[in-house]
Every structure is written in structure tokens, then in C-alpha cells.
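Novice: First the structure, which I've put down as C-alpha cells, then a few questions once you've had a look.
The values are calculated or read from the model by the stated rules, or taken from the named source; none is laboratory data. Because the structure is predicted, anything quoted here is derived from the model rather than measured. Because the Cβ atoms are built from the backbone with ideal geometry, glycine has one as well, and the counts that use them run over all protein chains shown. Keep in mind that these areas ignore ligands, DNA and RNA; they rest on the heavy atoms of the full protein, side chains included. Shrake-Rupley method; radii C 1.70, N 1.55, O 1.52, S 1.80 Å.
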Amino acid sequence: IENSSVSQFMGDMYQKINFYENNVRVFDKLFVSPISNNALFYYKMYLIDSMQIDGHKCYQIQFKPKRKQELTFSGNMWIADTSFALKQIELSIASDANINFINSTSMVQVFTKVDSAWMLEKERIVIDFNPMPVDSKKKTSMGIYGRKTTSYKNHKVNQPKEDKFYSFTENLKVQD
């Protein structure tokens, strides 16, 4: 795609999103994570259900923004009962958060327990972009759906690699 704005937003789909951080950078804006230290100042939380997921008892918690036009999310998360780890999170950017060229988003992250740590197993992002100006006569414009699905398998923990494994970065070249 030759449009630099579209290319920038499509590239932003490939950034790492870590909801364990207090603030999550999405499309170059900082959003408050629903599990941040200050989440209760920004979100209304509702305990919806408890269920077994992959052999772990989890609590489903729904979250919604407390105030309009803040950079927050709305959705559901499943928290493991013994470790309080994030098992799964499904969310979208609040509908009234004004982000240029973005109509809607949907994000899902699923975590699995590996040894004693929880690691990302699957991530899915769907974004409705609208980079073209709206035609004033037709009140419509052309948009683009961006989709990214990532799956992580065969996690290896505490298996050190030789120094040679990390040396390939010396030959790395980044082009415009």
C-alpha cells in the first residue's frame, strides 16, 4: 500500500501488547490496562462467572470505562484463581476513544502455564481502518480490515543457548 498513513497503522498491528504493564501503547497512544495498579480509577469491574479453563479455575471479569473519551478498553478477562494470572483477555478499544483512521478494534490474548510461568499462547487482533476521507455526497468511504493471528508453541524454559545463537544481529540491516 502506497499510502504512508495506512502503512503506519498496518505496521502498528505488529507491536507487542503487554496488558501486565500499567499503560499499554496502542497506535502510538497510551491506554490504561484493565489490570493496571490504577485500573479501578478508570474501569467498572463486574464478576460474571467462574469456570474451568484448561484445568484451571478462572473468574470471568467484565470491564467497562468509567468515563467517556478516555483511552481505555472494554471487554472480558479470565483470571486464574490461585496465581491471579491473566488466563485470557478479550477486549476492544472504547468506542468513544477518538483515534484517527480507526473505526473499531478487537483483541484477544490467551495465556498458558509453562512450568511455573504464564506465557502468551495465542494472540488475535482485528482492526477496522478508515484512512480515506468520507465522501460528503455519499456519506461513505472505503475502509480496510487488518487481521493478525499469532500462535506461540513449544515454549522452552531454562535451556540456555550458545553465544553464537545471538550473534546474527550484527548483520541485521533495516531498510526504509
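Novice: Do we find that residue 71 is over 29 Å from residue 155 (Cβ atoms), open to solvent by 90 Å² or more (accessible area, probe 1.4 Å) and of a type in the set (A, V, I, L, M, F, W, C) in this structure?
Specialist: no
Novice: Can you pull out every residue in the stretch 31-71 that is among the basic types (Lys, Arg) and assigned to a strand (DSSP E or B)?
Specialist: If the condition is that a residue be among the basic types (Lys, Arg) and assigned to a strand (DSSP E or B), then 44, 57, 64 are the ones that fit.
Novice: In this structure, does residue 116 turn out to be in contact with a strand residue (DSSP E or B) (Cβ under 8 Å, 6 or more places away or on another chain) and without any contact (Cβ under 8 Å) to a residue 24 or more places away in the chain?
Specialist: no
Novice: Out of all the residues in the stretch 43-71, which are touching a Leu at 6+ places or on another chain (Cβ under 9 Å) and either modelled with pLDDT of 95 or more or among the aromatic types (Phe, Trp, Tyr) (or both)?
Specialist: 59, 60, 61, 62, 63
Novice: Look through 98, 76 and report the one residue that is farther than 20 Å from residue 122 by Cβ and not hydroxyl-bearing (Ser, Thr, Tyr).
Specialist: 98
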